[in-house]
Every structure is written in structure tokens, then in C-alpha cells.
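What follows is a set of notes on a single structure, which appears directly below.
Bear in mind that the values in this text are calculations on the coordinates, not laboratory data. It should be emphasised that the depicted structure is a prediction, and the values quoted were computed from it without experimental measurement. We place every Cβ from the backbone using ideal geometry, glycine too, and count neighbours over all the protein chains shown.
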Amino acid sequence: MSFVPGSSVRVASRSHAGHHRTPAYLKGKVGTVEHVRDNFLNPETRAYGADGRPETRLYLVRFDQRDVWTDYQGPEDDRLLADVYEHWLESAE
Amino acid sequence: MHDRGGWPSTTPIDRAEHVLADWEMLMDAIVGTLGRRDVMNTDELRRAIEGMPRDEYEAASYYERWLYATETILAEKGVLAPGELDARVAS
């Protein structure tokens, strides 16, 4: 599934054995696509010597800090921006 | 522990820049060269860093982690024999 800026997305909460670029603290969290980046070689297979193909789409996703950290004490409008690969995102529309 | 900058603490973050030591610049150059020659890529480097025992990871500086991981990957690929670097340093 592909997304566009403004799409509401949830980071998959699955575990993953081995190298991956999805921060544990974002798994299961809902954010909004800020920007659609390019396609990139998949770091999850490249990390073990494969060529990383097929390439996978990368998205810049915006989260409310208060949604990420349950005890967040900072200003209400603080945001966290993270790059997340498409196969880690689910629609939350 | 690899996907965040550290653990919650009351200690202020040290924002000071520091001068890189010669070996740190050399480490950077080695990793860059290995990448350009398709011997090792950034994802492999990161994977090997994440595979470090936790106490060693936390005790190591940024480029010490690069050194550890580079040695790990080169040994995996047979570019370095086990113990080869230690033997060369000792000789």
C-alpha cells in the first residue's frame, strides 16, 4: 500500500529479528505522512550481504511527541519526525 | 538501545564539539573506501554495531564502534583472518 502526504498511518507493531531501521518506540504509534521520499535499497537485506532489491519507498512521518511518550512533559505541539519504510506502515484512516 | 540517543537522565547533554583524533579520521576513510569498493556497506556496518555486546557497545565511542563492526564484517567475509589485526598490531 502506498501513501500520500497527509495520510494517517500506523507503524506496524511486529517484532523483527535482525537489523531494521524502524525505531522500537514508534511501533504501534499513529502518525501522519509529512513527505514521500524516494525509493531505496532495503537495508534489512543489505545488512546481511544481499543487494537490497527490490527497492522500497521511504516516508517522512510526523508524530505528536505526546503520542510517542506516554509521560511526555514538553509543549503540546512538539513533534517527532522519522523516516519509515513503506512495509512498516499500515493505513490508519 | 540503538534507536535512541541514550537513556533518560538528569545529566545535561554535552553539546561540545571535539577534535577528531587521527585514528578516527583514518577509520572514517577506511569505511568509506570499503564501501566504494563494494567490500562492505553502511547497513552491514550498522548491523554489526547493533550486534555488539551491550556493555561493549555502551562503553565504546562512536568510531570505536565503527572499528569493532568493520573488523567483524571483514572477518565474516574472510578478508581478515581471525586474530589477524591483533597479531599485526602486536608485531
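A few points about this structure:
- Comparing A:P75, A:P23, A:P54 in a Gaussian network model of chain A (Cα springs below 10 Å), the most mobile by mean-square fluctuation is A:P75.
- Considering only B:W66, B:G35, B:M25, and ranking their Cα positions along the charge dipole of chain B that arises from unit charges at the beta-carbon of Lys, Arg, Asp and Glu, the one farthest toward the positive end is B:G35.
- Cα centroid separation - the range B:57-91 against the range A:31-82, whole Å: 31
- Radius of gyration (Cα atoms) of chain A, expressed as a multiple of 2.2 N^0.38 Å: 1.12.
- Calculated from backbone phi, Karplus (6.51, -1.76, 1.60) coupling profile of the range A:50-58 in Hz, x at Gly/Pro: 7, 7, x, 8, x, 5, 10, 6, 10
- With semi-axes defined as the square roots of five times the eigenvalues of the C-alpha gyration tensor, the equivalent ellipsoid of the range B:1-59 measures 26, 18, 10 Å, largest first.
- Per-residue Cβ neighbour counts within 10 Å put A:Y59, B:Y68 in the sequence B:Y68, A:Y59, beginning with the fewest.
- Net charge of neighbours whose Cβ lies under 9 Å from the Cβ of A:Y25, counting Lys and Arg as +1 and Asp and Glu as -1: +2
- Sorted ascending by nearby beta carbons within 10 Å, beginning with the fewest, B:M25, B:M52 become B:M25, B:M52.
- Here chain B is treated with +1 on each Lys and Arg Cβ and -1 on each Asp and Glu Cβ, and its dipole about the Cα centre works out to around 200 debye.
- Computed Rg/Rh of the protein assembly as shown, alpha carbon atoms with Kirkwood Rh: 1.01
- Remark: the range B:68-84, residue by residue, has Karplus-estimated 3J(HN,Hα) of 4, 5, 5, 5, 4, 5, 5, 5, 4, 7, x, 6, 10, 7, x, x, 4 Hz, where x stands for each Gly or Pro and the curve is 6.51 cos²θ - 1.76 cosθ + 1.60 at θ = phi - 60°.
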